[in-house]
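Bear in mind these aren't lab numbers, they're just calculated from the coordinates by the rules spelled out. Remember, predicted model here, so these are calculated numbers, not experimental data. Counting neighbours? That spans all protein chains shown, and the Cβs are built from the backbone with ideal geometry, glycine included.
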Amino acid sequence: MNEVVAFWILSVIAVFGALVAVRKRNLIHGVFALLVFFAGLSGLFLLLLAEFIAAVQVLVYIGAVGILLLFAIMLTERVTGDDDRRVTSRGWFWGLVVTAAVFVVLLLPAIQQLPPPKAAQTIDPSVKELGHKLMNPYVVTLEVLALLLTAALIGAVTAAQGVRMPKEEDSPE
Amino acid sequence: MSSPTATAPNYELIQQDGLETSLLEVSMGPHHPSTHGVFRMDVKLDGETVVDLQPVFGYLHRNHEKLAENMSYLASMPFTDRLDYFNSMTNNWAYALAAEKLVEIEVPERAEYLRVIMAELTRLVNHISLVGFFINDLGALGTPLLYAFREREKIMDLFEQASGARMMCNYFRFGGLRNDVPEGWLDRTREVVDRFPDFLDEYEKLLCENEIILSRTQGVGCLSRDLAISAGITGPMLRASGVNYDIRKVDQYGIYNRFKFRVPYTDDDVGDCYDRFMIRMLEMRESIEILKQALRDIPGGDIIGKAPKIFKPKPAEAYARVEGPKGELGFYLIADGTPKPYRYRVRPPSLINLTVLRDMCLSQKIADAVVILGSIDIVLGEVDR
Amino acid sequence: MSHTVGHEPILGKFPGLEWDEEAGALVVPAAQAAKIATWLRDNDAFLLDYCSNVTGVDYLEREIKEKVTNEAGKTETVIRIEPSRMDIVYHLYSMQKQTGPLVLKQRTNREQPEVESLTPVWRSCELQEREVYDLFGVNFMGHPDQRRILMWDEFEGHPMRKDYTEPFDYEWEPTPHDEVLERHQRGKVIV
Amino acid sequence: MSLEPLTLTDILIATVPLMLIFATLFAFTTWLERKALARIQNRIGPNKVGIPCTRIGLFGLGQPAADGIKMIFKEDIVPRGADRLFHLLAPILALIPAMLVLCFLPLNFPWIKNIQGLVKPFMLDGAVIFFFAITGLNTLAVFMAGWASRNKYSLLGGIRAVAQMVSYEIPLVLSAVIVVMMVGSLNAAEIVKEQADEYWFILSPWGFTAFVIFFIAALAETNRSPFDLPEAESEIIAGYFTEYSGFKFALFFLGEYIAMFAISGLAVTLFLGGGDGPGVTMNPEDQGLATEAFPGLSAVWFLAKIFALIAVMIWLRGTLPRLRVDQLMGFAWKFMLPLSILNILVAGFAWHAEQLDNTIITVITWVISFAVLYGAASGLNQLNRGKVRPREYKYAE
Amino acid sequence: MTLLGSGIFKGMAVTFRNFVGSYFHRERLPTNDYSWRTEGSLPQHAGDYPKEEGEQLRDTTTVTNYSRNFPMLLHDGSEPMDTIRCVACQICERSCPPQCIYIEKSTEKKEDSSGKMQFYPATFDIDVSVCMSCQICVEVCPFDAIVMNSQFELSTPNRFGGLLLHQGDLLKSNDYYHKIHPEEAAARDKRIADEKTAKEAKKKAAAEAAKKKAEAKAGAETEAGDEKKEVAE
């Protein structure tokens, strides 16, 4: 019973956050609404007893991605937009159709009363198990990802450093 | 000597490709915790870096000079207290010196000694409080400042016993002092002076080796020797820029030639906030030396020379200057034969030391601008007059 | 001990340079001020590298009674009218030679006072010349940044001039001896 | 893991006492801080406010209550042009995460035993990670306040806060990683148990290094001196809460102190043995609870350790000036980050050495790791310091 | 190589010493309660405050023996207006730098404490919101009539009238002056007495001289008179 109430509360928060994030023209408001959506999502993970994922959701999405978005917004010129203006574009109809289609596809298993996939039950949600999984079967993937991220990091640093360099003379081609 | 630039160099904004950034204009002051009074800095920031800085002042302007030109010579004396309200004694002295130059009054021996004692006590008061404020600007929570005020309190008690007031002493008169010090005052002063070095040791232990203070002050707000001379910087700030120039030694006004003391200065051409801070710390030790000698040698006798009942100098001009704690404090008087000065001019060290504020602050961080202002040591009563 | 700078060697160098004995000052012809100042700063005999004090002095037109001995050997009182003028005074010292002061004066008229700025020679004149401009209304030619410094920008007049009168409502503050107090006591004005 | 239904009573037992206790401790800490700072600065500090309508001063213990009442009745000023919604939300957002993480501290209050339902929060497998995740939300609140105030000082403070918190979170987490490596668990109760069984981690060289790094980073995370740049009074007035007054300011204040408690509590959990102490035996099998000489003893130990850390924070605040922005960042990236990465390596080797279970090897490992870490710290310090050192001055006779 | 962070630790040692010292050394705590103090002898300087039980008496007369605040008018005897020293010469009014003294001279004379007929101030106001406690009025006064008070508790709900001290507020007895500034008052009284005796001695001498002269003259006159008489006779 409690879980159901919690689920509904969290879902409403998440959907509300997502809607506001799309509708608001004020970018900062939009970002914070997006973060509300992430928080709701994290709560839903918690309900599924996936506490590690929930924590990582907060840590990565709210903590890191949110701040990143805020920094990006700081570099834009017009932060606060006009909230009264309509946000919808002319293609809103097709957008609606696609959304509905995706929604139906997601609901299909429930509609067809199929049994839920078995894999979901076999996953042990403990952090230790997750760690072992990452370090044993998926270690190569992990390392490759780490390498990629490091490369991206170094690239970003180099890109940021390049700005400080003295401007070179435009050489005639 | 190379000719120094007339205006400060301009900071070149690094224009980034693609990203348009704009400058942030911040008006620091007149109500800002660390502008040392009603002082304003119009700062343009590129991120946290100061790109442009314009000092704005005059909020405390009361036209002290005009006031003094409309009243008798003596009546201006209490107003000089209010110039640099930390150092009323040295302000009094500078004014008395200028007036004494106009009429040539002999100052009695005892009065000369007491003048030196008062001036050096004032220097101690000013330097400890300034160092306290300076560390406060660095972000300490007032601890050094309150230690400084604890010691200042003792010296203020001495001032109060001698003159009746703690800050606005109004103690000097043309030809001497207003009254003699009360009985036992010299002993109490000796006690305070003897114990002052203990406090300085403690203070130095607290501040002078602190890594944060070192890294915050060294290389910040550098002032070259040539610019310092050209910009008329005086006092500890000038000596921190590597010029050995102390008016106590150069002019030897009063009886400073009788005392053995040294003038600390740097040899290198850095002149950053750390140098200014350290020079003041070292100067206090020398002031204590002077005080010890003066308290040892002080004779008895009269306290005021034969001054005319009505102070009415013949037409003449006089410029007298003293080594105030903040720098050269000068008084320029033009007498026209009436009991009022025809022209009365104060050469305020704080104001002239501000000339280079912009030069020192450019391309520093905003936090440094505050520190640099603190290291200049201004008092708005004197800047604005 | 500080040594005053002898003025005799300077007098011959520049035409138009005068020595004002009463004030003990060199009076510089307005057009040559910067040239003479630079020379004084750079010449090895003077090296006046430090300009301590800059200020203006406003002299109104005034009558002076003087006792003059006339040809017959009799003293008689003569009334002489001294014209109004504006002096800009510079006190120069040498930090390298530890000498000084040498007083330099630029003289100009009161009505349209205009002198050459010495800021390019000594930076220390920057704020002080601004102050003289603000309080005396003297125009300094060649000053890099001539604005009001102590008074606010909208202020009219130059308060240090001898003939300046305060405006009626200039920073008016009621005091107990004012009529405001009377009205206050009668309960009509709540201040 | 048991999955008994969570009842309302359980929730109330778990949260309400915690909030009450820490709110009271907050009030006491403000008094303590003012009093201690006053004594450090040779003042008396608050000494007048005691029992109302009497002359009983009680050493000024009534001061926090008086301050609280004043804060509530003060006018709440929102600047024109400010974002009213965010201006309101920011102090709340600052308080919630700070309060939330308190329940991840392994505090063995006696009434905790009465919780019937779900596991205690600190028995969560990812308690430590949760802690860091939720503490990070504080950054958003600070930025929100800075942005919503529409004040340049606030904005500068907000930007400083974000940059600083993001930077210092890395050494903070990396130093906590050492403990997680040594214990092999993110479970707070297990970490405490391990320390009770073996030794407090602060006693080992790598643990000590990690603790120092953690403590410094914690100072930066909670905006305490000498890292109080976001609220630097002498530079940017009060930073992000320049435009806050009344109860909103009180909430920020509360949030800041609760965050101090929380992060000190984590430091106690990770390095200082949690509720371990004389008269306490840890037994995590019983849901992380302890056998105590009398009920609540381990909680008292825990709080005492928190207060010891807070006393050091107050002491530092009374002594040190503030760093500059670039030095702050340099310190995080050029000193703390390399040192904490090195520390992880050292700790890894040391862990393997300890597995050998040989006293001599263990001692040698400890000595070597101490030497390596101290050498590295000194070297990094020398590198970062550059030409900054005390100078000699000349005297003219 | 110095210890890592040694400067910071040294500073912390200093603050710790001050923290502990503030509990044990009285002189480390310069903060004093100025407004609450027991009766008895006045402290020499601000650091000497007695901290005792029952410090309930609120005395706002003075802080120390030396402090000065605003001027007051002295009178010698019990009846203030009859023994006022001020003769309304208005020198202080003219030399006051901020022009805060306002005096109206009386139209007729009356007896002062020594029985001499003198003018007296009909109005004597000091605007303490303007006064800057410079003490120049005290210095210029030739009659020792105005001296500095040291009462500091002057807050008032009235911005104008409350800060304008009238003659009644300003008049204080010489005994009060002795109480607040003993040394200064004794010195001043001594000087007045010296001057008085000197004056009297001078007067006496002058009188004697005059007498002698008169006698001599009278002698001469009598002689001359005698001669005249003789001549006449």
Would you mind calculating the relative contact order of chain D from Cα pairs under 8 angstrom and at least 6 residues apart, reporting the percent as a whole number? 20
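Could you tell me what % of all Cα pairs in segment B:281-385 have separations over 25 Å? Mind showing how you got there, number by number?
Working: 2727 of 5460 pairs.
Of all Cα-Cα distances in segment B:281-385, 50 percent exceed 25 Å.
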Using only DSSP helix segments of four residues or longer, with each worth -39500 (n - 2.57), what per-residue ellipticity at 222 nm results for chain C after dividing by its residue count and rounding to 500? -5000 deg cm²/dmol
Once you've got the GNM for chain D with C-alpha springs shorter than 10 Å, pick whichever of D:Q327, D:Q164, D:Q355 has the biggest mean-square fluctuation. D:Q355
In which sequence would D:K305, E:K105 go, from the one with the fewest C-beta neighbours within 10 Å to the one with the most? E:K105, D:K305
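By the scheme Lys and Arg +1, Asp and Glu -1, what is the net charge of all other residues having a beta-carbon under 13 Å from that of D:V300?
So the surrounding residues net to -1.
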What does the highest-first list of D:66-76, B:118-128, B:49-59 look like by mean Cβ count within 10 Å? B:118-128, B:49-59, D:66-76
For helix B:185-207, what angle does its Cα long axis make with the longest principal axis of chain B, in degrees from 0 to 90 and rounded to 10? 10
Based solely on C-alpha atoms, express the radius of gyration and the Dmax of the protein assembly as shown in angstrom. 39.1, 172
Once Lys and Arg are counted +1 and Asp and Glu -1 for all other residues with Cβ under 14 Å from that of D:A250, the total becomes -1
Sort B:186-198, B:318-330 by the packing proxy (mean of other Cβ within 10 Å over each peptide's residues), most packed first. B:318-330, B:186-198
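Over segment A:1-81, what per residue volume does the convex hull of the Cα atoms give, in whole Å³? Each step should come with its number before you reach the end.
On the way: hull volume 4.8 nm³, N = 81.
Per-residue hull volume (Cα only) is 60 Å³.
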Give, in whole angstrom and from largest to smallest, the semi-axes √(5λ) of the equivalent ellipsoid of segment C:8-186, with λ running over the eigenvalues of the Cα gyration tensor. 36, 27, 14
Summing -39500 (n - 2.57) over every DSSP H run of at least 4 residues in chain D and dividing by its residue count gives a helix-only mean residue ellipticity at 222 nm, to the nearest 500 deg cm²/dmol, of -21000 deg cm²/dmol
Using 23 Å as the Cα-Cα cut-off, could you pick out the over-long pairs in B:K292/E:K190; D:K35/D:K70; B:K101/C:K105; B:K66/B:K101? B:K292/E:K190
At a 10 Å Cβ-Cβ cut-off, how would you order C:L127, A:L149, fewest neighbours first? A:L149, C:L127
If the limit is 27 Å between Cα atoms, which of E:K172/E:K203; B:K365/C:K35; E:K172/E:K196 go over it? E:K172/E:K203; B:K365/C:K35
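Given chain B, report the % of alpha carbon pairs whose separation exceeds 35 Å. Mind showing how you got there, number by number?
Values: 19452 of 73920 pairs.
Here the long-distance tail beyond 35 Å is 26 percent of all Cα pairs in chain B.
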How far apart, in nm, are two points set 7 Å out from the Cα along the Cα-to-Cβ line at A:V144 and at E:Q90? 10.5
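Can you quote the Å³ per residue value for the convex hull of the Cα atoms in chain D, rounded to an integer? Spell out each step's value before the answer.
Values: hull volume 77.5 nm³, N = 397.
Here the figure is 195 Å³ per residue.
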Please give, to one decimal in nm, the separation of the simple spin-label points placed at E:V130 and C:E114, each 7 Å out from Cα toward the Cβ. 4.3
So for the pair A:V65, D:K394, with labels modelled 7 Å out along Cα→Cβ, what separation do we get in nm? 6.4
Length-normalised contact order for segment B:102-253 - Cα pairs under 8 Å, 6+ apart - percent: 16
Springs between alpha-carbon atoms under 10 Å, Gaussian network over chain D: tell me which of D:W200, D:W301, D:W366 tops the mean-square fluctuations. D:W366
Per the helix-only model, chain B has a calculated mean residue ellipticity at 222 nm (DSSP H runs of ≥4, -39500 (n - 2.57) each, divided over all residues, rounded to the nearest 500) of -14000 deg cm²/dmol
Which of these, D:L174, D:L18, D:L93, has the largest mean-square fluctuation under a Gaussian network model of chain D (Cα springs below 10 Å)? D:L18
